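Engineer: Sharing a structure below in structure tokens format, with a few things to ask.
The values are calculated or read from the model by the stated rules, or taken from the named source; none is laboratory data. In this text, all values refer to a predicted model and were calculated from it rather than measured experimentally. For neighbour counting, all protein chains shown are included, and Cβ atoms are generated from backbone atoms with ideal geometry for every residue, glycine included. Heavy atoms of the whole protein, side chains included, go into the accessibility calculation; ligands, DNA and RNA do not. Shrake-Rupley method; radii C 1.70, N 1.55, O 1.52, S 1.80 Å.
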Amino acid sequence: TIEREYPDEGSQVDIEHVKIDGKTFNLGEGEITKLDKENDLVRLIRTFNTEGIYDGLRTRKDPGDRAVTDMKIGEWSFRTRYFSKEGTFKGTYVNLNTPIEMYPTKVRYVDLEVDICLWPDGKIREMDREKLGLWISQGYVSERLGQIVKEKVEEIINSLSLDAEKELT
């Protein structure tokens, strides 16, 4: 009954990014270009119209750039690869979060502050673990959840491949 309400390939969905303190941000609307319902895999593509800087990567965002976001529903992270309008790889940003949820018009998760960035030169860097540590010390996030994030960071860093990230597929 519920499944028929959910988006399909070609659908537009919002990305609802919820912070630990409850603030909610809409990261924009993406088009579902791949949907593997059997494995709960979703690929969203967003095209940017404005200039700016990609958070974390500290890389220039230009009109026409594309973000290719790969998510697995129920997973503790997702990755977004950024490309220029010509298809040049600008970097990958991996967000660690509570398990991703899918709704009829959006995907949603709670951001757990820790991120991993991969640059075109192959440099990989974990970022903002201290922010999660602060939330843990204040009692908003459990020690167990902090341990899950630590384990996931190691898994992700060991699985990142610059060659695979550069492919605009």
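Engineer: Does R125 meet the test of being under 25 Å from G28 (Cβ atoms), free of Cβ contacts under 8 Å to residues at least 24 places away in the same chain and open to solvent by 20 Å² or more (accessible area, probe 1.4 Å)?
Structural biologist: yes
Engineer: Test each condition in (1) modelled with pLDDT of 95 or more; (2) farther than 18 Å from G56 by Cα for L168 and report the one that comes out false.
Structural biologist: It fails just one condition, (1).
Engineer: Looking at region 84-102, which of its residues are touching a residue at least 40 places away in the same chain (Cβ under 8 Å) and surrounded by fewer than 20 Cβ atoms within 10 Å (Cβ to Cβ)?
Structural biologist: G87, F89, M102 - these are the residues of region 84-102 that are touching a residue at least 40 places away in the same chain (Cβ under 8 Å) and surrounded by fewer than 20 Cβ atoms within 10 Å (Cβ to Cβ).
Engineer: Every residue in region 19-29 that is touching a strand residue (DSSP E or B) at 6+ places or on another chain (Cβ under 6 Å) and more than 15 Å from K131 (Cβ to Cβ), please.
Structural biologist: The answer is T24, F25, N26, L27, G28, E29.
Engineer: OK, next. Applying the selection to region 118-169, what residues are small (G, A, S), farther than 16 Å from T92 by Cβ and touching a helix residue (DSSP H, G or I) at 6+ places or on another chain (Cβ under 8 Å)?
Structural biologist: Step one: filter region 118-169 for residues small (G, A, S), giving 122, 133, 137, 139, 142, 146, 159, 161, 164.
In the following step, the residues that additionally are farther than 16 Å from T92 by Cβ were identified as 133, 137, 139, 142, 146.
G133, S142, G146 - these are the residues of region 118-169 that are small (G, A, S), farther than 16 Å from T92 by Cβ and touching a helix residue (DSSP H, G or I) at 6+ places or on another chain (Cβ under 8 Å).
Engineer: Test I157 against the stated conditions and say whether it is over 17 Å from D21 (Cβ atoms) and either in contact with a strand residue (DSSP E or B) (Cβ under 8 Å, 6 or more places away or on another chain) or open to solvent by 50 Å² or more (accessible area, probe 1.4 Å) (or both).
Structural biologist: Answer is yes for this residue.
Engineer: From the list D70, D65, exactly one residue is touching a Phe, Trp or Tyr at 6+ places or on another chain (Cβ under 8 Å), surrounded by 13 or more Cβ atoms within 10 Å (Cβ to Cβ) and closer than 15 Å to I15 by Cα. Which is it?
Structural biologist: Every option except D70 fails the conditions.
Engineer: Then there is this: Just the residues that are assigned to a loop (DSSP other than H, G, I, E, B), closer than 21 Å to K72 by Cβ and of a type in the set (S, T, Y), please, taken from region 1-56.
Structural biologist: Hits for region 1-56 are Y6, S11.
Engineer: Condition test on Y54, is it out of contact with any Gly (no Cβ under 9 Å at 6 or more places or on another chain), surrounded by 11 or more Cβ atoms within 10 Å (Cβ to Cβ) and hydroxyl-bearing (S, T, Y)?
Structural biologist: Taking the combined requirement at face value, the residue does not satisfy it.
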